[in-house]
Amino acid sequence: MKKENIDVAIVGYGPVAKLLGTLLGQKGWRVGIYERFLEPYPLPRAVKLDHEVARLLQSVIPTDELKEVLQTVHDFYEWQNANRIPLIKLDWSQFGISGWQADMFFCQPDVEAKMDAKCREQETVSVNLGMEAIQIREFDDHVELIVKNLDGEETNIHTKYVVGCDGAHSFVRETMENTMTDLDFNSDFLVVDIIPKEERTFSPMNLQLCDPVRPTTVVSGGYGRRRWEFMVRPDESREEFNTEENVWKLLEAWDITQENAILERHALYTFRARWANIWRKGRVMIAGDAAHLTPPFMGQGMCSGLRDSANLAWKLDLVLRGNVNDSILETYTEERKPHNQKVVEAAIYLGNLICVADPKKAEERDQAFLNGDAPPFPEFPILKSGILYQPENSKSSNLAGQLSLQSEVRYQGKTGLFDDVVGTGWMVISPVSNPKTILDTEQIEFFEKMGARFIVIADTEIDSDNIIDINGKYYEYFNQNDIEAVIVRPDFYNFGSVATFSELPDMLEDLRNQLEKFMNTTAMN
C-alpha cells in the first residue's frame with residue numbers, strides 16, 4: 001500500500017474544501033485533498049452569496065477576477081402575492097460592511113473554476129480526484145486516512161488532521177458515529193436553470209411569488225442565466241413533475257420557451273433543515289453540508305460552509321505552528337454551530353412564510369404584510385461565544401462577534417480594498433495612533449508571532465506606514481460606534497473593540513489570556 005505524510009487531509013472537493021485547502025496552502029501547510037469523483041460537477045447549484053462570503057473568496061481570488069463572476073443586483077428582491085401585488089421589497093443593491101454588495105449572484109461552476117485554479121497554485125496542496133475515502137483510523141498523534149482510486153489501489157494517508165467536506169451524505173461524519181438534529185422541515189422543489197438565447201431584462205430582477213397554488217422563486221443564476229424554483233404540491237407525483245415536458249409547461253407562464261431559452265438543467269430537491277450534533281471528534285472534523293443543511297430561502301447554504309472553512313483555517317494554522325494545542329478546535333463548534341443554527345432557523349421562518357399552500361392562510365399572510373402587521377424578518381446572527389472579548393461590567397461599545405469593516409484605502413502607493421492593499425490575518429486597528437505605541441514589548445512580540453499587524457488609520461500620508469482612509473468609511477465606522485480601537489480576527493470577525501485607545505492593552509491582554517488557555521498542555525500536533 002502506498003503511503004503519504006501530510007498535515008491536513010480534506011475529504012471532498014467542493015467550494016468548502018477549495019477555500020480551506022487554499023487558505024492552509026497559503027500558510028505553507030501540506031494539504032491533501034481527496035475527491036471520489038473524477039470530474040467536477042459541471043452544472044449550477046448555489047446561485048447567491050453575501051458580502052461576507054465575497055470577502056472570504058477575495059482572500060483566495062484576486063478582486064478583479066472575482067468581479068468577473070459575481071453579478072451585482074441593481075434593484076429589489078420583491079415578494080408578491082398571487083395577484084402580483086408587492087408584499088415587501090428588500091434593497092439588495094446596497095453595500096455590506098465587508099466591502100462588497102450585500103447580495104450577489106453567480107454560476108457556481110464559474111466560481112469553483114477560479115477557486116480550483118487558486119487551490120492548485122499552492123505548492124504544498126495536492127488535489128487528488130477519483131480518490132475515495134474508505135477508512136479512518138485515529139491515533140494519539142495522527143490519523144490514518146485510507147483512500148482508494150478508480151482501479152482499487154489503496155493509499156494510506158498519514159495526517160495530523162482530517163476535515164470532511166464531503167457533503168450531505170458525508171463518509172467522514174458517519175465515521176464519527178454522529179447523530180443529527182432534524183428540524184422536520186421538508187419541502188420538495190423543482191429547481192430549473194435556463195440560459196436565455198437573447199438579452200432580456202427581468203423586473204424585478206429577483207422575485208418570490210407567494211402564490212398558494214404554486215410558490216415560486218425566480219432569481220438570477222449569475223451572468224447570462226436565470227433560475228426558477230417551483231414548489232411541488234403533496235398531491236403531485238415527484239417523478240412526473242420532474243420531466244422536461246413539465247419544465248417547459250411551467251416556464252411557459254413566464255414567457256420562457258424552447259425558442260428563446262436553453263434548458264441547462266432541472267432537478268428535484270427536498271429542502272431540509274438539519275445539523276450534525278458533533279462537528280469535531282479528536283483529530284477529525286466536518287464542515288459545510290457534512291455538518292449542516294440549510295433550506296435555500298436565504299441563499300446561505302454554501303455561505304455557511306465557507307464560513308466553516310475560514311473559521312477552521314486560522315485555528316488549524318495556530319495549532320500546526322505550535323502556538324496553541326488543538327483544544328482550540330473546540331471553539332470551532334462553539335462558534336460556528338450556534339451561528340449556523342440561527343441561519344437555519346431564519347431560513348425555515350422565511351420558508352414557512354413562502355410555502356403556504358392553504359389559500360385562507362395565504363390571504364391572512366398577505367394582509368399582514370399589506371397592513372404592516374407582518375413580524376420582522378430575523379436579524380442575521382453574529383458570533384456570541386468563543387474567542388471574543390467579553391469583559392464583565394463593560395459599559396463601552398463592543399463590536400465583538402460582529403463582522404469587521406472593509407473599505408478602500410491607500411497604502412504605500414497602492415489603492416484598493418483593505419485586504420488587497422494591506423493583507424489579511426490578525427489586525428489591531430486604531431485611528432488614534434499606532435497600536436504599538438501603547439503596548440509593551442512582550443505584548444507586541446506575542447502578537448507578531450501570531451502574524452498580527454498593527455494598523456493606524458489616517459487621512460494623510462505623513463508616515464509611510466499610515467493606512468489612508470480615502471472614502472472616510474473607517475473614520476465613520478469608529479465614530480458611529482464610539483470606539484477607538486478594534487481587533488480583527490483572520491476570519492474577519494471582530495475579536496472586540498474598546499471605547500478609548502487607553503483600553504487597548506487590556507483587550508490585547510484578554511486575547512493573550514484566552515489563547516494561553518490552549519497552551520497549558522503539550523500540543524498534539
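Just a few scattered comments:
- Treating each Cα of region 11-114 as one equal point scatterer and applying the Debye formula with no solvent, the log10 of I(q)/I(0) at q = 0.12, 0.22, 0.24 Å⁻¹ comes out as -0.52, -1.19, -1.31.
- Across the chain, the mean sequence separation of Cα contacts (distance under 8 Å, 6 or more residues apart), normalised by length, yields a relative contact order of 15 percent.
- Neighbour cut-off at most 10 other Cβ (10 Å), DSSP loop, trypsin sites (Lys or Arg not before Pro), region 15-110: 84
- Dmax and Rg, reported as Rg then Dmax, of region 375-525 (C-alpha, Å): 15.9, 52
- Volume of the Cα convex hull of region 137-214, divided per residue and given in Å³: 249 Å³
- Neighbour-limited loop hits for GluC sites (Glu not before Pro), region 335-394 (at most 16 other Cβ within 10 Å; DSSP other than H, G, I, E, B): 379, 392
- Answer label, with volume of the Cα convex hull per residue in Å³ calculated from the coordinates and candidates [x] 139; [y] 166; [z] 226: [y]
- Normalised by 2.2 N^0.38 Å, where N is the number of residues, the alpha-carbon radius of gyration of region 208-269 equals 1.11.
- Label-to-label distance for residue 368 and residue 342 is 2.2 nm, based on points extended 7 Å past Cα in the beta-carbon direction.
Where a number appears in this text, it was derived from the coordinates with a stated rule and is not lab data. These figures come from a predicted structure and were not determined experimentally. Here Cβ is always computed from backbone atoms with ideal geometry, including for glycine, and neighbour counts include all displayed protein chains.
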